[in-house]
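Visitor: First the structure, then my questions, so here it is.
The values are calculated or read from the model by the stated rules, or taken from the named source; none is laboratory data. From a predicted model like this one, the values you see are computed outputs, not experimental measurements. Every residue, glycine as well, gets a Cβ built from its backbone with ideal geometry; the counts of neighbours run over all protein chains shown. For accessibility, only protein heavy atoms count, side chains too; no ligands or nucleic acids. Shrake-Rupley method; radii C 1.70, N 1.55, O 1.52, S 1.80 Å.
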Amino acid sequence: MRKIPAALLSLALTASLTVPTAAAARQTSSLPELDGHWSQAAFERWHGYGIVEGDVRGMRPDDAMTVGEFAALLCRTLGYTETVDNPYADLKGDEWYAPYILRLTAAGILQGDGKNCRATEPMDRQRATVLYARAIRMTPSQDPDLSEFVDGDQAADWAAGYIDAMAQAGIIQGVGGGQLALNREITRGSIVTILNNSVAQYVQEEGAVITGEVNGILLVAAPNVTVENAQIHGNVLAAPAAGDLTVKDSTLDGDLLVDANGAALSLDGVKVEGELNLAGGENTLELGADCQVSLLSVDGADCSVSVADGASVDTLTARSAVKVDNQGVISTARIQADQVVIDGNRPASVEVAEGVTPPTNSEGDEVTGSEDGDQGGSGGGSGGGQEDKPVSGILGVRPVDQEGSLEELPAVTAQATQKEGEDFVRVALSTDDVVPIHQSEDAGKGAWVGVAFEAPEGYAEETFRYTFSTQSSPTADNSAELTENPDIGEGKYAVFFINASSISPKTHITLQWGEESEPVRYEVDLSGVKTPAVELEGVTVSTHELPAGVESSAEGLSFDASTALVQNGGSGELSQEQVQGMGGGGEYTVYYAVPQALGDGTLKFDKIARSINGGALNTWSISSETDAQSGSGWWTKDSTHYFFKWGAVFASQQDGQYVMTDDGLYQYTLHFLESDGGQDNVVATCTFTIDLSGYTIAPSAD
């Protein structure tokens with residue numbers, strides 16, 4: 001992320017991180033408790049967008065903001081929806097803030113302390129600065145220098161790079177007296193003012209058209225937005241909530257950062273002086289005539305780029321597989337991922353990172369530079385060392401069926417990189433074909449894929465130390481022998497096999513080569529591994545009636561009248577008494593039917609796991625072979641469908657009053673599992689959303 005004009009942001013954290021000495025002039029406010037408060041304008045703006053919410057106590061601008069509240073604010077602003085399995089020991093999963101914490105974790109913004117997320121703790125200035133910097137895609141400084149602040153040496157190692165980058169961008173200037181005061185709590189009013197001062201224009205209206213001059217961040221959080229005849233003096237951030245985006249006849253002094261997924265981006269007559277980055281997956285980018293892009297980088301999977309005749313790109317950096325149709329000019333292509341396809345005009349120079357397959361065209365022919373020069377370099381990035389750095393010595397390992405019933409299994413490819421400012425290495429595994437369920441040597445059946453780490457040159461020991469788990473570990477607590485196998489490569493390797501079909505695979509590896517070396521952490525990304533699991537189709541859902549053809553019975557599927565008041569997609573006002581009487585207090589029931597047909601076979605399962613809004617997975621041992629009348633009122637089947645009933649909570653008590661949880665939106669993820677006693681493998685998944693956002697709960701008259 002490039003420097004934002006200091007003229008716009010010079011007061012961003014000076015105003016928001018410092019308690020003002022005098023209150024603002026008194027104004028009439030839509031939020032009466034804020035009349036005359038220095039943060040009034042900021043709260044009114046972002047409350048109007050539906051981003052900032054209070055509770056029965058109001059907006060509480062002078063209260064410290066908790067981590068959970070901050071997570072909710074960022075998720076509402078940017079529209080994060082992707083989630084992860086709960087990695088935190090202090091998060092049960094049913095708290096109102098739990099979905100926001102897990103979405104922020106999935107986005108890489110919140111990382112916790114290795115064990116806990118500390119969601120109920122007040123934010124200090126240091127943590128607030130880092131999380132906000134990550135949210136607006138600020139790149140941490142590689143060699144931070146905070147000597148201009150008298151307490152700059154108090155910054156933690158994990159935070160110093162972000163704090164320095166925020167200071168260089170003009171977003172933070174301390175609290176006066178040359179102090180950062182990083183350990184001091186930050187208030188809700190301060191956080192909202194940071195957001196207000198740094199985001200010049202926030203777009204949440206579908207189909208909006210932006211023109212003219214924008215001084216600062218243009219944050220797009222809606223689909224089908226057009227930027228036309230505009231001069232953007234700052235960055236454009238297409239948030240996860242954004243969709244298709246069109247930019248025409250405009251100039252961007254900063255970066256165009258695309259965090260959306262599955263979006264179509266069209267640029268025509270546009271000059272991007274900074275970086276155009278496709279971070280989200282499955283995006284398509286069309287650079288029309290007269291487009292000039294300084295740096296185009298691709299991080300998201302399955303993206304495609306079209307460069308029209310008359311358009312130019314100074315440097316294309318492919319950190320993920322991408323298909324490029326180049327009818328214009330690409331001066332330099334830095335290839336840091338396998339399966340990059342470049343059709344049309346060849347780049348003037350092609351630099352391929354060590355261990356990476358060179359790019360080809362659609363016919364499979366290798367693409368080299370069109371001019372003499374370095375065409376096989378190290379791929380060490382541009383932009384002042386701000387690229388991901390490839391890490392060598394890490395290989396994918398083809399699995400072997402230990403039962404010998406399957407022919408050769410698909411090959412596994414590994415791509416390892418390390419981002420600046422991060423203290424772990426990302427290892428992305430991928431396969432070209434589906435990895436079938438097969439028997440491992442000693443860990444049961446699963447869709448196993450292997451990853452091997454080459455021992456350092458000159459390493460003489462026969463063993464290595466490691467930790468291999470579902471959660472990150474700073475230490476390597478176990479010991480194992482090295483592997484020598486010519487099918488992997490020359491030398492000795494630490495080899496690990498991961499079940500990609502597991503509902504919670506082990507993806508965190510910590511290695512230590514000898515007592516004198518430091519442990520190195522690795523996080524394995526399995527999103528590129530193809531497994532037999534399928535997404536179910538034809539699932540029907542209701543919150544107020546049994547599935548068609550099913551009668552209420554105590555043994556099969558029973559109907560809960562007390563929870564049937566709420567209809568999916570309905571609306572209305574509920575009284576405190578109504579909510580209290582629903583299922584024992586603010587509960588609703590979901591009835592759904594799942595077709596048994598599964599491709600060429602029948603859906604068979606031994607267990608079912610459910611997660612709501614990214615919360616903790618709850619698993620039930622129920623087999624598809626169970627008799628239809630053995631469901632105790634919550635499960636049954638006929639010749640074509642399985643039928644289920646789930647209970648869930650839509651209201652919680654705060655200060656003795658029932659209030660809606662999660663804004664009334666509940667996204668379900670269901671996994672159907674087959675088990676061999678040692679491994680639970682996902683055979684099918686389905687997702688659906690229950691929308692109760694049209695309902696309100698009236699406060700008590702007391």
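Visitor: Within the range 583-607, which residues have the backbone N less than 12 Å from the label spot 7 Å out from GLU282 along Cα→beta-carbon, could you tell me?
Guide: none
Visitor: Quick query: amide H of ALA333 versus all other amide H atoms, modeled in the peptide plane; which residues come in under 5 Å with a sequence gap of 5 or more or a different chain?
Guide: When sequence neighbours closer than 5 places are left aside, the close amide H contacts are LEU316, SER349, VAL350, GLU351.
Visitor: With all pairs of different alpha carbon atoms counted, what Kirkwood hydrodynamic radius in Å does the chain show?
Guide: By the Kirkwood definition, the hydrodynamic radius is 27.8 Å.
Visitor: Using 0.36 nm per residue, how much length does the chain from SER504 to ASP663 gain when fully extended, once their Cα-Cα distance is taken away? If you can, show how the numbers build up before the last one.
Guide: Details: separation 159, 0.36 × 159 = 57.24 nm, distance 2.79 nm.
Going from the current span to full extension adds 54.5 nm.
Visitor: May I pose another question? Can you give the Rg/Rh ratio of the range 137-204, where Rg is from the C-alpha atoms and Rh is the Kirkwood radius?
Guide: Ratio of gyration radius to Kirkwood radius: 0.99.
Visitor: Mind checking which of PRO87, LEU74, TYR97 is farthest towards the positive end of the range 55-143's charge dipole, using Cβ charges of +1 (Lys, Arg) and -1 (Asp, Glu) about the Cα centre?
Guide: Among PRO87, LEU74, TYR97, the one farthest towards the positive end of the dipole of the range 55-143 is LEU74.
Visitor: In this model, which of LYS530/LYS645; LYS323/LYS530; LYS115/LYS506; LYS92/LYS607; LYS419/LYS445; LYS271/LYS323 are farther than 24 Å apart at the alpha-carbon?
Guide: LYS530/LYS645; LYS419/LYS445
Visitor: Something else now. Can you work out the FRET efficiency for the pair GLU537 and SER693, with r the C-beta to C-beta distance and R0 = 30 Å, to the nearest 0.05? Can you show the working numbers first?
Guide: Numbers: r = 25 Å, r/R0 = 0.85.
Efficiency, from the Cβ-Cβ distance: 0.75.
Visitor: Additional query: Considering only protein heavy atoms, what per residue accessible area in square angstrom results for the range 562-702 with a 1.4 angstrom probe? Walk me through the intermediate numbers first.
Guide: Values: 6030 Å² over 141 residues.
Heavy-atom accessible area per residue stands at 43 Å².
Visitor: Give the cross-link partners of LYS604 among the aspartates and glutamates, using a straight C-alpha distance below 18 Å as the criterion and excluding same-chain residues fewer than 8 apart.
Guide: Here the aspartates and glutamates satisfying the reach criterion relative to LYS604 are GLU535, GLU537, GLU625, ASP627, ASP638, GLU674, ASP676, ASP680.
Visitor: If you take the C-alpha gyration tensor of the range 512-601, multiply each eigenvalue by 5 and take the square root, what semi-axes do you get, largest first, in whole Å?
Guide: Three semi-axes, in Å: 44, 25, 13.
Visitor: Another one. Given ALA609, ASN478, ALA414, which one lies farthest toward the positive end of the charge dipole of the chain, if we put +1 on the Cβ of every Lys and Arg and -1 on the Cβ of every Asp and Glu?
Guide: ALA609
Visitor: Taking a virtual spin label 7 Å from the Cα of ARG57 along the C-beta vector, which residues in the range 174-188 bring their backbone nitrogen under 13 Å of it?
Guide: 188
Visitor: On the accessible surface of the chain, probed at 1.4 Å, how many percent belong to carbon and sulfur atoms?
Guide: The value for the chain is 43 percent carbon and sulfur by accessible area.
Visitor: Under 19 Å from a point placed 7 Å out from the Cα of THR357 along the Cα-to-Cβ direction: which residues of the range 419-452 have their backbone N that close?
Guide: Counting only backbone N, you get 427-436, 449-452.
Visitor: Which order, highest average first, do 158-171, 403-416 follow once you tally other Cβ atoms within 10 Å for each residue and take the mean per peptide?
Guide: 158-171, 403-416
Visitor: Give me the three principal axis extents of the range 34-177 from the C-alpha atoms, as integers in angstrom, largest value leading.
Guide: Over the range 34-177, Cα extents along the principal axes are 43, 43, 23 Å.
Visitor: For the range 474-563, I need the span (max minus min coordinate) of the C-alpha atoms along each principal axis, in Å, sorted largest to smallest.
Guide: 67, 29, 22
Visitor: Quick one: putting +1 on the C-beta of Lys and Arg, -1 on the C-beta of Asp and Glu, what dipole do you get for the range 240-346 around its Cα centre, in Debye to the nearest 20?
Guide: Its charge dipole is roughly 260 debye.
Visitor: Can you figure out the FRET efficiency of GLU408 with GLU555, using R₀ = 51 Å and their beta-carbon distance, to the nearest 0.05? Can you show the working numbers first?
Guide: Working: r = 48 Å, r/R0 = 0.95.
The computed FRET efficiency comes out at 0.60.
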